[in-house]
Amino acid sequence: VDWAGLWASGHRFAIVKASEGSTWRSPVYAAQRDAARAVGMMVGAYHYARPSSSSAIAQARHFVAVSGGWTADGRTLPGALDLERNTSGDPCYGMTPAQLAAWITDFSGEYSRLTTRVPLIYVRADLWEQCLAGDRRIGATNPLWLFDHEAPVGPWPHGWVRPTIWQRGVEANLDRNVFFGTEADLVRFATAT
């Protein structure tokens, strides 16, 4: 990744994949995190959820162990839980909306217990409607990182007033994201407790 080039073109943050399930860790996470920080970017980590493979508590602990969690250093964004459609079987991991909502709540609670921050929830609106029946409770506590590659932004899942971050598309094999706010707002988001 050309981190210096991204910085020069106005990019100010990156969210890098750190872990998946309860055992997999990205072999390039630390190098990508460190290289992005070296040019001045704020960096967050994300965990690819595998709800049917292990408990939310185990996955949150694994994520924090791999990513280092969150610190109020002004350079670290809160972690993110990446919830995507299951591609090998039932799209909702064989869970009812109540079970999947409980899994996400457990992950968020354990991540918060370990780091003092709740994670962002990365999700598409249609998946939220399909697999969580439009659950509104999680949006009241967790910021939304909206996966939506079609402009203009939206719709977003029920329960959120607006996204905090919008993944608007892919360019040069990199996901492109927009933070809804100023650079000062991004710093506040990174340091809020």
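Some notes on this structure:
- Within region 141-157, being among the polar types (S, T, N, Q) and out of contact with any Pro (no Cβ under 7 Å at 6 or more places or on another chain) holds for one residue alone: T141.
Conditions tested, residue by residue: (1) within 19 Å of M41 (Cα to Cα); (2) touching an Asp or Glu at 6+ places or on another chain (Cβ under 8 Å).
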{"site": "L114", "(1), (2)": "no, no"}
{"site": "R137", "(1), (2)": "no, no"}
{"site": "A140", "(1), (2)": "no, no"}
{"site": "P143", "(1), (2)": "no, no"}
{"site": "V153", "(1), (2)": "no, no"}
{"site": "P157", "(1), (2)": "no, yes"}
{"site": "N177", "(1), (2)": "yes, no"}
{"site": "T182", "(1), (2)": "yes, no"}
{"site": "R188", "(1), (2)": "yes, no"}
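- Taken over region 58-102, the criterion of being surrounded by 15 or more Cβ atoms within 10 Å (Cβ to Cβ) and of a type in the set (D, E, K, R) is satisfied by R61, R75, D82.
- The set of residues in region 122-131 that are part of a helix (DSSP H, G or I), in contact (Cβ under 8 Å) with a residue 24 or more places away in the chain and of a type outside the set (A, V, I, L, M, F, W, C) comprises E129, Q130.
- For region 1-19, the set of residues classified as open to solvent by 40 Å² or more (accessible area, probe 1.4 Å) and closer than 25 Å to S54 by Cβ consists of K17 only.
- Count of region 110-121 residues which are touching a residue at least 40 places away in the same chain (Cβ under 8 Å), out of contact with any Lys or Arg (no Cβ under 9 Å at 6 or more places or on another chain) and surrounded by fewer than 17 Cβ atoms within 10 Å (Cβ to Cβ): 1
- Selected residue (only one of G79, G89 is under 26 Å from Q130 (Cβ atoms), at pLDDT below 95 and not basic (K, R)): G89
- Positions within region 31-55 being within 17 Å of the chain's Cα centre (by Cα) and open to solvent by 10 Å² or more (accessible area, probe 1.4 Å), in sequence order: Q32, R33, M42, Y46, Y48, R50
- Reported count of residues in region 36-81, each being assigned to a strand (DSSP E or B) and among the acidic types (D, E), is 0.
- Criterion (under 23 Å from N86 (Cβ atoms) and loosely packed, with under 15 Cβ neighbours inside 10 Å) met by exactly one of R162, R137, R176, R124: R137
- Scanning region 85-104 for residues that are part of a loop (DSSP other than H, G, I, E, B) and at negative phi turns up R85, N86, T87, S88, D90, P91, C92, M95, T96.
- Verdict on V16 being assigned to a helix (DSSP H, G or I), at pLDDT 95 or above and closer than 23 Å to E110 by Cβ: no
The values are calculated or read from the model by the stated rules, or taken from the named source; none is laboratory data. What you see is a predicted model, and the numbers here were worked out from it, not measured in a lab. In this analysis, Cβ positions are derived from the backbone assuming ideal geometry, glycine residues included, and neighbour counts consider all displayed protein chains. Accessible surface is based on the protein model in full, side chains and every heavy atom, while ligands, DNA and RNA are left aside. Shrake-Rupley method; radii C 1.70, N 1.55, O 1.52, S 1.80 Å.
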